[in-house]
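Step one of this worksheet: look at the structure below.
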Amino acid sequence: MGQASPFKPIALVVEDDVLQRELAVVLLEECEMGVIQCESAEGALRVLEKMGECVSMIFTDVSLAGKIDGVELAHFATQCYPDIHVIVTSGLTLTKSLPDGAIFMPKPWLPLNVLREVQRSQH
């Protein structure tokens, strides 16, 4: 019989729309992930500076509160933490290129698609 891991993987959800952020948080918590929420990339960067090595996944919108967008955040995160799984989402067409390995998920996204990406990030 296997033992359960004492640590939950941590996801960072970066979304300025409260309802979208809360929906993503609930989905990720259902996957037994610890979740940290931010409404801006600047807030997410502060989290990454403090505990980036512990974050296994980022789920970010492109358009965020603040001056840095989700695509720039994705580039920073993958440069500094190459093992991090990044999902970038938007209701608009993506006009900037994502870093290698990052996934684009158009809005409205389906909860099942988010759950599939969470499974990929944990393997």
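The values are calculated or read from the model by the stated rules, or taken from the named source; none is laboratory data. Just so we're clear, the structure is a prediction, and the values are computed from it rather than from any experiment. Backbone-built Cβ (ideal geometry, glycine too); neighbour counts: all protein chains shown. Please note that ligands, DNA and RNA were not included when accessible areas were found on the heavy atoms of the full protein model with its side chains. Shrake-Rupley method; radii C 1.70, N 1.55, O 1.52, S 1.80 Å.
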V18 vs. criteria under 13 Å from the mean Cα position of the chain (by Cα) and aliphatic (A, V, I, L, M): no
Select from region 12-39 the residues that are in contact (Cβ under 8 Å) with a residue 40 or more places away in the chain, open to solvent by 40 Å² or more (accessible area, probe 1.4 Å), assigned to a loop (DSSP other than H, G, I, E, B) and under 20 Å from A77 (Cβ atoms) and list them in ascending order. D16
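Would you point out which residue out of I87, I68 is under 17 Å from E30 (Cβ atoms), surrounded by 12 or more Cβ atoms within 10 Å (Cβ to Cβ) and at pLDDT 95 or above? Break it down into steps so the answer makes sense when it comes.
On the way: I68 fails: under 17 Å from E30 (Cβ atoms).
Answer to the selection: I87.
Quick one: would you say G101 is small (G, A, S), part of a loop (DSSP other than H, G, I, E, B) and without any contact (Cβ under 8 Å) to a residue 40 or more places away in the chain?
Numbers: small (G, A, S): yes; part of a loop (DSSP other than H, G, I, E, B): yes; without any contact (Cβ under 8 Å) to a residue 40 or more places away in the chain: yes.
It is true that G101 is small (G, A, S), part of a loop (DSSP other than H, G, I, E, B) and without any contact (Cβ under 8 Å) to a residue 40 or more places away in the chain.
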Screening A102, A44 for residues that are at pLDDT 95 or above, under 18 Å from R21 (Cα atoms) and among the small types (G, A, S) leaves only A44
For region 95-114, which residues satisfy the criterion of being surrounded by fewer than 14 Cβ atoms within 10 Å (Cβ to Cβ) and of a type in the set (A, V, I, L, M, F, W, C)? L110, L112
Checking F7 against (1) of a type in the set (A, V, I, L, M, F, W, C); (2) in a loop (DSSP other than H, G, I, E, B); (3) touching a residue at least 24 places away in the same chain (Cβ under 8 Å), which single condition isn't satisfied? (3)
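For the structure I just gave you, tell me whether I58 is open to solvent by 20 Å² or more (accessible area, probe 1.4 Å), touching a Leu at 6+ places or on another chain (Cβ under 8 Å) and of a type in the set (A, V, I, L, M, F, W, C). Break it down stepwise before answering.
Values: open to solvent by 20 Å² or more (accessible area, probe 1.4 Å): no; touching a Leu at 6+ places or on another chain (Cβ under 8 Å): yes; of a type in the set (A, V, I, L, M, F, W, C): yes.
So I58 does not fit the description; no.
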